[in-house]
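Worksheet for the structure shown next.
The values are calculated or read from the model by the stated rules, or taken from the named source; none is laboratory data. All of these numbers come straight from a predicted model, not from anything done at the bench. Positions of Cβ are generated from backbone atoms using ideal geometry, with glycine treated the same way; all protein chains shown enter the neighbour counts. Areas reflect the complete protein model, heavy atoms only, side chains present, ligands, DNA and RNA absent. Shrake-Rupley method; radii C 1.70, N 1.55, O 1.52, S 1.80 Å.
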Amino acid sequence: MKQEEVNFALNDQFNQSMIPGRFARAMRTCKIWQFIRFMILNIKMIIVVRKSH
Amino acid sequence: MARLVVLGGGVAGHTTATFAAKWLGKEHEVVVVTPNAKWNWIPSNIWVGVGEMSKEEVTFDLAPVYEKAGITFKQAKAVSINPEGKEGADKPFVTIEYTGQGKAGESEEVTYDYIVNATGPKLNFGATPGLGEGSQIGENTVSVCTADHAVHANQELRKIFEKAAKGEKQKILVGTGHGMCTCQGAAFEYIFNIEHEARKAGVRDNLEIKWISNESFLGDFGMGGLHMKVGGYVVSSRIFTESLFAERGVEYITGAHVSKVEKGKVDYELLDGSTGEEPFDFAMLIPPFAGVGLKAYNKAGEDITDTVFAPNGFMKVDADYTPKPYEEWKASDWPRKYQNPTYSNMFAAGIAFAPPHIISKPMKSANGTPINPTPPRTGMPSGIIGKAVAHSVCDLIQNGANAHLHEASMAEMGAACVASAGKGWMDGQAAAMTVYPVVPDYEKYPGTGRDTDYTFGEIGLAGHWIKHILHYLFIYKAKLKPGWTLIPE
């Protein structure tokens with residue numbers, strides 16, 4: 001069974017949720033992609049901070 | 001020379017006092033009254049609670065920082081405020097009781113021209129039988145609300161991990177300890193740090209980890225939930241959060257009022273009126289918050305606490321406190337200037353101000369027990385409000401009573417929430433969320449109440465790096481190191 005499918009069987013709460021697959025999990029720890037996301041997140045957060053002051 | 005007294009040295013109080021001292025210079029005096037000798041970057045208490053940081057890494061001594069800033073520091077707790085002075089003296093004053101500086105137990109009357117109440121909350125453990133007495137935590141559960149609590153939490157967690165490593169099945173319960181709690185985000189971050197540490201220690205298979213919360217649905221976070229942009233979709237925080245719980249195998253109970261705590265067991269009531277019990281070997285339950293219990297007296301010495309403070313002990317400010325149904329709540333109910341309506345030289349910042357109502361949809365159990373999160377006012381909103389109040393007080397002192405007051409409504413302010421699991425630069429992951437505005441404004445944003453261009457969330461290393469950077473950046477700023485004013489709240 002694929003890793004992302006294991007928890008679906010545990011209970012109804014989990015069965016009705018979405019669980020990330022291998023690709024989504026890999027992107028969360030892919031350093032190049034996460035560096036890009038880091039830059040984007042920082043820019044968006046700075047905009048939120050500026051709009052809040 | 002005018003004197004500003006700031007009650008409290010947390011995020012809001014520290015921000016108010018340090019900016020006011022910088023802007024007012026030596027011509028005026030800023031006094032900080034706080035019972036704690038140390039400043040604590042509370043978000044990182046989570047890492048202390050799982051043993052990834054020491055108490056010393058999340059705290060520092062306030063005295064040298066205030067000495068450098070020219071702020072008078074009184075390590076004391078405020079007991080009462082006399083905004084009209086007393087018989088024979090017109091000057092308003094606050095009565096304080098020292099907790100340190102070699103004067104513990106001594107009382108003093110500190111006069112003021114302006115006062116900012118930024119005391120933060122009383123951790124009201126006593127609201128739930130068995131959770132604690134008054135503001136003192138009991139022996140049945142642990143907490144991460146203070147650095148000392150977090151140190152203790154880690155000690156107890158290690159015992160659980162040791163038992164799990166020997167093959168004993170252990171049950172961990174994390175969440176809220178009452179139906180009217182706030183700060184679900186802290187508990188949320190703690191439970192996933194425990195889960196992460198358990199995997200790292202190789203004991204996850206012997207741990208049952210469960211969430212219990214007063215939120216009516218996962219992802220409410222005291223803000224009525226939020227709709228965020230994730231992967232090209234606009235989705236409810238419920239879907240986002242349920243996915244994370246399912247992925248990590250963390251079961252959950254929502255809409256729960258913890259009514260009683262005993263050794264190894266909690267009793268709870270659900271929104272449908274049913275009751276249940278949940279056993280545990282280790283439980284971290286956030287207590288409800290209340291005002292710190294400040295009293296207020298008029299010139300004749302009569303008790304006017306009800307005039308200055310709301311029934312929950314938080315200070316009344318320029319909010320619309322008219323009771324009205326949920327359908328009629330508006331963004332404009334929320335305060336903008338944080339000025340007390342009765343005494344114009346009195347302000348409140350951070351958790352200490354009384355919100356007009358909650359943000360989440362109000363809920364009661366079938367038995368009439370209120371079960372809904374109270375509004376979060378910590379972190380970024382606290383800092384922004386503290387700075388706006390400092391601006392207002394400085395303008396009042398320097399330009400006179402007609403000076404323009406600065407505004408910082410939570411209905412026009414965003415907040416960043418980064419819940420990080422793990423501590424390593426490369427092996428952790430965080431759920432990074434930004435919400436704008438904190439209080440939904442359905443007139444401005446009719447769909448979700450919020451701007452979905454700036455309300456977003458994602459999980460990954462990037463948010464984890466941001467969490468690390470925020471830790472070092474805000475401690476640097478709080479220590480007033482060179483360039484501290486350039487770092488936003």
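Considering only C-alpha atoms, what is the centroid distance from region B:167-225 to region A:6-25, in Å? If we compute the Cα centre of each part, the gap is 18 Å.
With a 1.4 Å probe and all protein chains left in place, how much of the accessible area of chain B comes from carbon and sulfur atoms, in whole percent?
On the way: 9360 of 18650 Å².
It is 50 percent, rounded to a whole number.
Within a Cβ distance under 15 Å of residue B:220, other residues only, what is the Lys/Arg minus Asp/Glu net charge?
Numbers: positive: B:238, B:361, B:450; negative: B:215, B:242.
Surrounding charge for residue B:220 is +1.
Pairs spanning more than 27 Å between alpha-carbon atoms, out of B:77/B:364; B:229/B:265; B:316/B:481; B:77/B:337; B:361/B:387: B:77/B:364; B:229/B:265; B:316/B:481; B:361/B:387. Our note on the geometry: Cα centres of region B:280-351 and region B:242-262, 30 Å apart. Amide hydrogen proximity for residue B:309: with H placed 1.01 Å from N in the peptide plane, the residues at 5 or more positions away or on another chain lying under 5 Å are B:316.
Phi angles of region B:130-137 translate, via the Karplus equation with coefficients 6.51, -1.76, 1.60 and θ = phi - 60°, into HN-Hα couplings of x, 7, x, 10, x, 9, 9, 6 Hz per residue; Gly and Pro are given as x.
Close amide-amide hydrogen proximity is noted between residue B:455 and B:229, B:436, each under 5 Å apart and 5 or more residues distant or on a separate chain (H modeled in the peptide plane; Pro and chain starts excluded).
Taking the longest Cα principal axis of chain A as reference, the axis of helix A:31-52 is set at about 50 degrees.
Considering only protein heavy atoms, with the full assembly of protein chains and a 1.4 angstrom probe, order B:329, B:39, B:425, B:484 by accessible area, largest first.
Values: B:329 55, B:39 10, B:425 120, B:484 35 Å².
The ordering from most to least exposed comes out as B:425, B:329, B:484, B:39.
Contact order, relative form, for chain B: 17 percent (alpha carbon pairs under 8 Å, 6 or more residues apart, mean separation divided by residue count). Counting only protein heavy atoms and a 1.4 Å probe, the protein assembly as shown has 41 square angstrom of accessible area per residue.
Scanning chain B for helices, which whole DSSP H stretches are 20 Å or more long along the axis (Cα) and average -1.0 or more by Kyte-Doolittle?
Numbers: long enough: B:147-165 (27 Å, -0.63); B:184-201 (25 Å, -0.50); B:380-399 (28 Å, 0.60); B:461-478 (26 Å, 0.56).
Membrane-span-like by this rule: B:147-165, B:184-201, B:380-399, B:461-478.
Name the residues of region B:227-262 whose accessible area falls by at least 50 Å² when all protein chains are present instead of the chain alone, probe 1.4 Å? Going by heavy-atom accessible area, the residues of region B:227-262 that drop by at least 50 Å² are B:243, B:246, B:247, B:252. Legend: residues in region A:19-37 shielded by at least 50 square angstrom of accessible surface upon adding the remaining protein chains to the isolated chain (1.4 Å probe, heavy atoms) are A:28, A:31, A:34.
If you take the accessible area of B alone, add that of A alone, and subtract the area of the pair, what total do you get in Å², probe 1.4 Å, to the nearest 100? Walk me through the numbers on the way to the answer.
Values: alone 20090 and 5250 Å², together 22380 Å².
So the total buried area for this chain pair works out to about 3000 Å².
Near the amide H of residue B:2, within less than 5 Å, lie the amide hydrogens of B:29, all on another chain or at least 5 residues away, with H placed in the peptide plane. Among beta bridges identified by DSSP and lying wholly in chain B, the antiparallel ones come to about 60 percent.
Normalise the Debye intensity by I(0) for region A:3-52, one equal point scatterer per Cα, no solvent, then take log10 at q = 0.27 Å⁻¹ and round to two decimals. Evaluating at q = 0.27 Å⁻¹ gives log10 I(q)/I(0) of -0.91.
Hey, could you get me the Stokes-Einstein D for chain B, Kirkwood radius over alpha-carbon pairs, 25 °C and 0.890 mPa s, rounded to whole µm² s⁻¹?
Values: Rh = 23.1 Å.
Rounded to a whole number, D works out at 106 µm²/s.
Kirkwood radius and radius of gyration were both taken over the C-alpha atoms of the protein assembly as shown, and their ratio Rg/Rh is 0.96. Across region B:251-266, computed HN-Hα scalar couplings (Karplus, 6.51 cos²θ - 1.76 cosθ + 1.60, θ = phi - 60°) run 6, 8, 10, 10, x, 10, 9, 6, 9, 7, 10, 10, 4, x, 7, 10 Hz from first to last residue, x flagging Gly and Pro. For the protein assembly as shown, build the charge dipole from Cβ charges (+1 Lys, Arg; -1 Asp, Glu) around the Cα centre, then report which of B:230, A:36, B:79 sits farthest towards its positive end. The residue sitting most towards the positive pole is A:36.
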